[in-house]
Structures are given as C-alpha cells and as structure tokens.
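Structure first, commentary second.
Just so you know, all these numbers are worked out from the coordinates, no wet-lab data involved. As the structure is a computational prediction, the values presented were derived from the model and not from experiment. So basically every Cβ, Gly included, is an ideal-geometry build from the backbone, and we count neighbours across all protein chains shown.
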Amino acid sequence: MSPRMKKIVIGGLVAGIVAFGAAQLVPVKGIGSNPPERFKIDAPPEVDAILRRACFDCHSNETRWPLYSRIAPGSWLMARDVTKGRQHLNLSKWDEADDEERVLDMENMWEQVEAGEMPKWFYVYPMHLAARLSDADKAALKAWVDAAKAKAKAKADGDEKPKEKQKDKDE
Ligand code: HEC
C-alpha cells in the first residue's frame, strides 16, 4: 500500500470510529423502557407463548431489550419499531379496551400474520429466528381469533333478542 493510501485508510477508520462513538451519545427516547401496565391475555398457553415469542417485543410493555438494542444505530431502529408498534397495538393495555375492541384487534392481528406482514421480517432475520411462525402456530392463532369472534357474535345475537321482544311489546 502506498503511504498515501495508508493515510486514507487509517483516516477512514478513525472517522468511522469517531462517528460510531458519537452516535452512542445521541439520546434515544424509549430505549430500555417498559411502561408499567401489564395485561393477562385470555388465551390458551400455546397462543400466549406464540404472542410472547413473536409479537410482545413490539406490541407490549414487556419488551426484551437485548444488548445490541442499546447500541446505535440498532438502538434507533428498535426504539422506533417499539414506539410505533405499541402505538398501533399494545397488548399490555388491553384492559383499557372492551371485548369488542379486543376482538377487532385480534382480527387485525390474524390478518397481519396471514398476510406475512407480522412479525416484521427484519426483526425475525437474523436476530429473532424463534419468532418465525410455523403452520401449527398460525393455526393455533387463527383458532383463538375465530373462537373469540364466535363468542362475540353469540353475545351480540343474545343481546339483540330481548330488544326484538321489547319492540314486539311496544307495537
Ligand atoms: C419488530 C417489531 C414488531 C414485531 C415483532 C411485530 N410487530 Fe406488529 N407492528 C409493528 C409496527 C412498527 C407496526 C406499525 C405499522 C407498520 O410500521 O407496519 C405494527 C403494526 C401492527 C398491527 C396494526 C396494523 C394496522 O395497520 O392497523 C397489527 C395488528 C400487528 N402489528 C400485529 C402483530 C402481530 C400479531 C405480531 C406477532 C405475530 C406482530 N405484530 C409483531 C412492529 C412489530
């Protein structure tokens, strides 16, 4: 290597190290923070396990923050995903929702999983291979969502009948 090349390479390395170091000083909002709300999801243990494994890091207050998530620029990406993910759906705050809203969320969850949108691929590969969903996992999720939908429908039908009777009486 010519002396000039050497200078350029070393200069580049130093600049890279300095930039990496400086990046660590940028404050990242939300990193490592798990707000206090928790919610016990009404789901069979295998479904609960799937949600914890594949969704909880971004859609609950029980995020696991690995070491790399604290190092820029990974920390910036992860903080953004968790903040955005929790804004769209935070399963730890499900007690603020009523049954109807929860069933809507569940339908939405299944749609995302069926479409292959969730869990996000860049989360799964390569750091969270355990979050991959097998066909059996998807079937279990779907069965859980379908059961909740059926229950909500039965309840809605049950609520309607007395009203109809009331109407008959009025006429
Ligand atoms: C790496 C973080 C991450 C993981 C893991 C993840 N999500 Fe998401 N999810 C997001 C983000 C971020 C959004 C916001 C919309 C977007 O950016 O696509 C979102 C949006 C959603 C939405 C709302 C979609 C809409 O447009 O209304 C649902 C439902 C959802 N995710 C379900 C799931 C389910 C179910 C799992 C697990 C199987 C899961 N997500 C795993 C990050 C994640």
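Among Val14, Ser69, His88, flag the residue with its Cα farthest along the positive direction of the charge dipole of region 1-100, charges on Cβ as +1 for Lys/Arg and -1 for Asp/Glu. Working it through, the farthest residue towards the positive pole turns out to be Val14. Taking the Cβ of Asp81 as the center, what net charge do the other residues with Cβ under 11 Å away carry, scoring Lys and Arg +1 and Asp and Glu -1? Once all neighbours under 11 Å are counted, the net charge is +3. How much of the pair distance distribution for the chain lies past 25 Å, counting alpha-carbon pairs only, in percent? Here the long-distance tail beyond 25 Å is 50 percent of all Cα pairs in the chain. Taking a sphere under 14 Å around the Cβ of Asp98 and counting the other residues whose Cβ falls inside, with K and R at +1 and D and E at -1, yields a net charge of -4.
For Asp42, Asp159, the sequence from fewest to most other C-beta atoms within 10 Å is Asp159, Asp42.
Our note on the geometry: Cα centres of region 39-59 and region 85-116, 11 Å apart. Take the Cβ atoms of Lys155 and Arg53, set R0 to 30 Å, and the FRET efficiency comes out at 0.50. Using alpha carbons only, how many degrees (0 to 90, rounded to 10) separate the axis of helix 74-88 from the longest principal axis of the chain? Roughly 10 degrees, rounded to the nearest 10.
Based on the Cβ-Cβ distance from Ser33 to Glu107, what FRET efficiency comes out when R0 is 25 Å, to the nearest 0.05?
That pair, Ser33 with Glu107, gives E of 0.25.
Summing charges over all other residues whose Cβ lies under 11 Å from the Cβ of Gly32, with Lys and Arg as +1 and Asp and Glu as -1, gives +3. If you run the Gaussian network model on the chain, springs between alpha carbon atoms under 10 Å, then out of Ala15, Ala97, Ala139 the most flexible one is Ala15.
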